[in-house]
Every structure is written in structure tokens, then in C-alpha cells.
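Enquirer: Questions regarding the structure given below will be posed in turn.
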Amino acid sequence: MDFNVLAARRRVAGFSGTAILCLVLALAVDGMIAGGRKDPKLLDMLPGQSLSLSDTMPRGAEKLGELALRASDPRIAPQFTEVYSGFWLGGTLWRADLTLPAEIPPGEYTVSTYYQNGTQSTPPQDIRIRVQPNAAAVQASALSLTTRTFGLSPYVLAAMLLPLALLPMFACYLLSRRIAQALAAGGMTEIYRAIASPEGQRIFFTLAANPRLKPETRIEVLDERGQATIGQALVFAVKGDDVEAIMQEGVRIRPGTLARVAADSSISH
């Protein structure tokens, strides 16, 4: 297959991989923005749904028996279950189970922590529960654009898409090998690096071992399609199959252009 066709396919594979990675990044940003805007004290729930609540132990309380949870609606009856140590920041936290009645109407309710003497905890702990009529309403209230659109967490969707980026990367690798073979059959190779230097732009490429390829060998530099000559270079150093050459007459090129030994190449003796 012609190397131009293979190169076009490699570009498509590269664009596809880049697009997937950009989409994964956009999903992660969406998740972070939504997380930064979210009120940790506001919960969206459905009638009949159960949830575990948690917060730090209020000042002056050491046991669950010293605390009580009160809801703004008597039909909501959360129950303390345990005291435990925080994983990341340490400290002591309480945990409680809450189950909404199936017949509770949509609206906003509050669950607050009180001491047994009837005073509110210090600092105040008020958890707002927004009961939605259905799952569609819960999805519509999400702060994440991804969740509102697809009903999935942006992080979950990003994790699902990330492995797909490996496919175009692998395709690029296979196509690069086939391109190298096609170019070698025509006596050409891709220039994979180009850097500035006082002597002129230095270019780097790989050619199969050739007894004629010595310092001062003249190299012809072609465009990416191998159709037009855009400059000449002289071999500066050869290490195995890796070649370093210096562009002549101030010509500057970019990686991806092609190189081949000039038909009238000169060799130093």
C-alpha cells in the first residue's frame, strides 16, 4: 500500500485518539466543576429511598446517647448507627440510617443534630433533603452537564472512554511500522526530530545500514508526500542506523518530512 495512504490513515487514528483524550479531560473538568458547586448538606432523594448520613461529632459529645436527630417532618425518622474514626482527616464521626416513607410528598425537608438537652449541636448540623417526584427530576437537578444529559457520572463515563484511546494509539503504532517499511522500499525515511544549532538546523532520521552512508554524505529532504524536494542536508554523524545531518543554505524543516540519500551524494574520504 502507498505510504501516503498509510500516512493519511495514521493521521485519522491520531486525531481520533486525541479527540477521545480531550473528551475524557472535558468530562473530568465537568465532574470537578459540579463537585465544587455541590452543597454537601443538600441531598436529592426519591420517596422510599434509603441513605446513610454522616457528620463529625458535635463539640462536647462523645457518645451517640448524648445526641438526637430531629427531622422537620415526623414521617422522617433517621436513626444513629455508629461512631467511627475519619479515614483521611481523622477525628470522630457519627453515622445514621435514613429511609424516606414511600408516601412522602416531594419537597424539601431538614434533618438536624441536637444534644439531649434540646439545644442544637455546636456547630449546627443541618442536612437538607430534597425529595424529587421521580428519577428524571433527580437527573434534571444534577449540577453536572454530563449527568443531566446522559444520567451517568462524568467520572464513570470518562473511565469507560479512556480505554478506547488505546485503540487508535495501537493503530498509529502499527501504521507507523507499515509506513517505515513502505518508505524503506522507496529508499526514504521519516525525519523524526529537528533542532536548531549554530551550524544550521540539525535533523535526525533512521536509515538501514548502508556502506555509502558516511559523514558528508548528501541527503535530499522531501515534503511529507515524497513528491517535492525542499532542501539538502549533509550527514554529520552516524550511530548504527541513526543518522544526524545538518540542513544546508538555511533551509528549515519540521519532523514528518522525508529524507533519502541524494543520487549525486558526495562522501568525504
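Enquirer: Which residues, taken from segment 67-88, are outside any strand (DSSP E or B) and surrounded by 16 or more Cβ atoms within 10 Å (Cβ to Cβ)?
Expert: Here is the first cut: in segment 67-88, the residues outside any strand (DSSP E or B) are 72-78, 86-88.
If the condition is that a residue be outside any strand (DSSP E or B) and surrounded by 16 or more Cβ atoms within 10 Å (Cβ to Cβ), then D73, I76, P78 are the ones that fit.
Enquirer: Select from segment 107-161 the residues that are outside any strand (DSSP E or B) and over 38 Å from the mean Cα position of the chain (by Cα) and list them in ascending order. Show your work before the answer.
Expert: As a first pass, look at segment 107-161 and keep what is outside any strand (DSSP E or B): 116-119, 121-125, 132-161.
Listed by number, the residues that qualify are Q116, N117, G118, T119, S121, T122, P123, P124.
Enquirer: Let me ask something else. Any idea which residue in segment 232-246 is surrounded by the fewest Cβ atoms within 10 Å (Cβ to Cβ), counting only those that are part of a strand (DSSP E or B) and out of contact with any Lys or Arg (no Cβ under 8 Å at 6 or more places or on another chain)?
Expert: Step one: filter segment 232-246 for residues part of a strand (DSSP E or B), giving 232-239, 242-246.
Going one step further and asking which of them are out of contact with any Lys or Arg (no Cβ under 8 Å at 6 or more places or on another chain), we end up with 237, 239, 242-243.
On the way: A237: 12, K239: 7, D242: 12, V243: 25.
Applying the filter and picking the extreme gives K239.
Enquirer: Taking the condition touching a strand residue (DSSP E or B) at 6+ places or on another chain (Cβ under 7 Å), assigned to a loop (DSSP other than H, G, I, E, B) and surrounded by 15 or more Cβ atoms within 10 Å (Cβ to Cβ), does I253 pass? Break it down into steps so the answer makes sense when it comes.
Expert: Values: touching a strand residue (DSSP E or B) at 6+ places or on another chain (Cβ under 7 Å): yes; assigned to a loop (DSSP other than H, G, I, E, B): yes; surrounded by 15 or more Cβ atoms within 10 Å (Cβ to Cβ): yes.
Yes: the conditions hold for I253.
Enquirer: I'm trying to understand the selection: among the residues of segment 213-231, which are more than 38 Å from the chain's Cα centre (by Cα), buried (at least 17 other Cβ atoms within 10 Å of the Cβ) and of a type in the set (A, V, I, L, M)?
Expert: Answer for segment 213-231, where residues must be more than 38 Å from the chain's Cα centre (by Cα), buried (at least 17 other Cβ atoms within 10 Å of the Cβ) and of a type in the set (A, V, I, L, M): L213, I219.
Enquirer: In segment 29-55, how many are exposed (fewer than 14 other Cβ atoms within 10 Å of the Cβ) and in a helix (DSSP H, G or I)?
Expert: Count: 5.
Enquirer: On the basis of being surrounded by fewer than 16 Cβ atoms within 10 Å (Cβ to Cβ), over 23 Å from V138 (Cα atoms), within 42 Å of the chain's Cα centre (by Cα) and of a type outside the set (V, I, T), does G91 make the cut? Full working, then the answer.
Expert: Values: surrounded by fewer than 16 Cβ atoms within 10 Å (Cβ to Cβ): yes; over 23 Å from V138 (Cα atoms): yes; within 42 Å of the chain's Cα centre (by Cα): yes; of a type outside the set (V, I, T): yes.
Here the answer is yes, as G91 does meet what is asked.
Enquirer: Return the total of residues in segment 116-141 being crowded, with 18+ Cβ neighbours inside 10 Å and of a type in the set (V, I, T).
Expert: Taking segment 116-141 as the starting set, the residues that turn out to be crowded, with 18+ Cβ neighbours inside 10 Å are 121, 125, 127, 129, 131-132, 138.
When the remaining residues are screened for being of a type in the set (V, I, T), the result is 127, 129, 131, 138.
Counting residues in segment 116-141 that are crowded, with 18+ Cβ neighbours inside 10 Å and of a type in the set (V, I, T) gives 4.
Enquirer: While we're looking at this one, here's another question. Can you name the number of the only condition in (1) among the acidic types (D, E); (2) within 30 Å of I20 (Cβ to Cβ); (3) at pLDDT below 85 that E190 fails?
Expert: (3)
Enquirer: List pairs: first in segment 7-23 and under 22 Å from A182 (Cβ atoms) and assigned by TED's automatic domain parsing to the domain that holds A165, second part of a helix (DSSP H, G or I) and of a type in the set (D, E, K, R), Cβ under 8 Å, 6+ apart or cross-chain?
Expert: none
Enquirer: Further question on the same structure: Could you run through segment 66-116 and say how many residues are touching a Lys or Arg at 6+ places or on another chain (Cβ under 7 Å) and of a type in the set (A, V, I, L, M)?
Expert: Step one: of segment 66-116, the residues touching a Lys or Arg at 6+ places or on another chain (Cβ under 7 Å) are 81-82, 84, 101, 104, 108, 110, 112, 114.
In the following step, the residues that additionally are of a type in the set (A, V, I, L, M) were identified as 104.
Looking only at that region, the number is 1.
Enquirer: Same structure, new question: Out of the residues in segment 1-16 that are of a type outside the set (D, E, K, R) and in contact with a Cys (Cβ under 7 Å, 6 or more places away or on another chain), state the one that is surrounded by the most Cβ atoms within 10 Å (Cβ to Cβ). Walk me through it before giving the result.
Expert: Filtering segment 1-16 down to residues of a type outside the set (D, E, K, R) leaves 1, 3-8, 12-16.
Cutting the leftovers down to in contact with a Cys (Cβ under 7 Å, 6 or more places away or on another chain) gives us 13-14.
Working: A13: 20, G14: 15.
Ranking the qualifying residues of segment 1-16, first place goes to A13.
The values are calculated or read from the model by the stated rules, or taken from the named source; none is laboratory data. Treat the numbers as computed from the prediction; the structure is a model and nothing was measured. Here the Cβ is made from the backbone with ideal geometry for all residues, glycine too, and neighbour counts use every protein chain on show.
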